[in-house]
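Here is the structure we will look at, set down as structure tokens.
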Amino acid sequence: MNFKGKDIISIKDFSKKEIDYILEYAKKMVPYAKGEKYTDALKGKILSSLFFEPSTRTRLSFESSMNRLGGRSIGFADPSATSQKKGESLADTIRMADAYSDIIVIRHPQEGAARLAAEFSEAPVLNAGDGAGHHPTQCLLDLFTIFTEKKHIGKNNIVLLGDLKYGRTVHSLAYALALYGAELTFVSPASLKMPKEVVEECNELGIEPIQTSILDKAVKDADVLYVTRIQKERFPDAEEYNKVVGSYKIDNKLLSTTKQKLIIMHPLPRVTEIDPEVDYTNHALYFKQAFNGIPVRMALLSLVSGGLL
Ligand code: CP
């Protein structure tokens with residue numbers, strides 16, 4: 001399977017077979033991600049890390065992954081310190097990153113920005129989140145987490161909870177989980193339901209997700225509970241945000257009613273939707289999930305460079 005030079009814009013750019021291949025490849029990266037093994041497979045290669053929106057995990061884990069592979073990274077986390085401030089277009093910024101590096105990672109508030117960036121770059125472009133659009137590398141690390149914890153992805157009862165309207169990670173994930181045949185329940189306030197197009201995509205893949213606003217019943221038989229933050233920054237109206245903030249809170253009381261092997265995932269950052277007391281239970285997988293960003297992103301950086309490890 002050849003991924004050399006491939007742009008990674010949406011999880012829909014991959015077949016199930018290709019996703020399986022990436023997940024197996026990522027498994028091999030784990031000892032390197034932990035620093036137990038060393039490689040300089042990407043020695044001499046440079047990653048441009050262009051973050052037009054805040055990030056902790058995605059930016060740091062991409063940069064760490066590049067370092068773990070023996071490469072280097074350049075870039076910015078604050079676009080106001082770049083020539084965008086002087087009116088430079090996204091296309092020209094991308095042309096420069098293409099001239100200065102071998103791989104480009106971009107996060108941008110506008111949906112479609114990564115696809116546009118790929119049009120102006122010879123170097124492969126990896127989408128690190130475009131508005132409420134896609135976040136394919138998050139989706140892959142979510143799949144990797146379920147795959148490594150549960151040994152398979154389909155055959156799980158999976159609840160996606162929270163802001164299903166604006167939360168980009170759940171859009172990609174719902175599609176991918178449907179591709180694997182997982183049983184899906186979408187739990188959200190009525191105003192933050194999963195977009196119709198995503199539900200239809202699941203239907204086309206033979207999955208009929210249950211949609212509800214009531215968490216207690218949905219979570220009882222779940223194997224995986226994927227929690228999301230209400231995406232305050234994407235609400236056009238503060239009043240609407242205030243109506244739904246704090247709709248759900250995962251705590252130990254709720255967990256006393258669930259399966260013992262239920263795993264709780266969250267793309268992070270979390271705000272109030274998971275009580276910190278949950279961190280100390282066996283259900284809490286979200287920090288391990290965030291670590292999994294390293295082997296998965298190492299795999300992707302290596303694969304788009306020609307499978308150098
Ligand atoms: N999960 C995720 O995208 O986190 P950051 O916004 O911190 O990158």
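Condition first: surrounded by 24 or more Cβ atoms within 10 Å (Cβ to Cβ), within 18 Å of Glu119 (Cα to Cα), away from the ligand (no atom under 13 Å from the Cβ) and under 23 Å from the mean Cα position of the chain (by Cα). Can you find one or more residues in segment 68-90 that meet it? Looking for residues that are surrounded by 24 or more Cβ atoms within 10 Å (Cβ to Cβ), within 18 Å of Glu119 (Cα to Cα), away from the ligand (no atom under 13 Å from the Cβ) and under 23 Å from the mean Cα position of the chain (by Cα), one finds none in segment 68-90, hence no. Here segment 45-67 is the region considered, the condition is being more than 17 Å from the chain's Cα centre (by Cα) and more than 16 Å from Asp98 (Cβ to Cβ), and the residue that is most open to solvent (accessible area, probe 1.4 Å) is Asn67.
Here Tyr166 meets the list (1) assigned to a helix (DSSP H, G or I); (2) under 20 Å from Arg270 (Cα atoms) almost entirely, failing just condition (1).
Checked against the criterion of being among the basic types (Lys, Arg), at pLDDT below 95 and out of contact with any helix residue (DSSP H, G or I) (no Cβ under 7 Å at 6 or more places or on another chain), segment 145-157 contains one or more residues that satisfy it. Entry remark, segment 170-183: residues being surrounded by 24 or more Cβ atoms within 10 Å (Cβ to Cβ) and not small (Gly, Ala, Ser) number 4 in total.
Checked against the criterion of being touching a Leu at 6+ places or on another chain (Cβ under 7 Å), aliphatic (A, V, I, L, M) and part of a loop (DSSP other than H, G, I, E, B), the candidates Leu308, Leu301 yield just one match: Leu308. Candidates in segment 219-241 are the residues that are in contact with a Phe, Trp or Tyr (Cβ under 9 Å, 6 or more places away or on another chain) and not in a loop (DSSP other than H, G, I, E, B); of these, the one that is most open to solvent (accessible area, probe 1.4 Å) is Lys232. Being open to solvent by less than 10 Å² (accessible area, probe 1.4 Å), within 22 Å of Asn282 (Cα to Cα) and away from the ligand (no atom under 16 Å from the Cβ) is a description that does not apply to Ile146.
Among the residues of segment 251-272 satisfying the criterion of being in a loop (DSSP other than H, G, I, E, B) and within 14 Å of the ligand (Cβ to nearest atom), which is most open to solvent (accessible area, probe 1.4 Å)?
In this case the residue turns out to be Val271.
None of Asp13, Asp7 is acidic (Asp, Glu) and crowded, with 17+ Cβ neighbours inside 10 Å except Asp7.
Would you confirm, using the coordinates I've provided, whether Tyr100 is away from the ligand (no atom under 16 Å from the Cβ), of a type in the set (Phe, Trp, Tyr) and in contact with a strand residue (DSSP E or B) (Cβ under 7 Å, 6 or more places away or on another chain)? The answer is yes for Tyr100. The number of residues in segment 273-283 that are within 16 Å of the ligand (Cβ to nearest atom) and either open to solvent by 10 Å² or more (accessible area, probe 1.4 Å) or in the same structural domain as Lys37 (by TED's automatic domain parsing) (or both) comes to 1.
The values are calculated or read from the model by the stated rules, or taken from the named source; none is laboratory data. Predicted, not measured: the structure shown is a model, and the values here were computed from it. Please note: Cβ atoms are built from the backbone with ideal geometry, for glycine as well, and neighbour counts cover all protein chains shown. All accessible areas refer to the heavy atoms of the entire protein, side chains included, with ligands and DNA or RNA removed. Shrake-Rupley method; radii C 1.70, N 1.55, O 1.52, S 1.80 Å.
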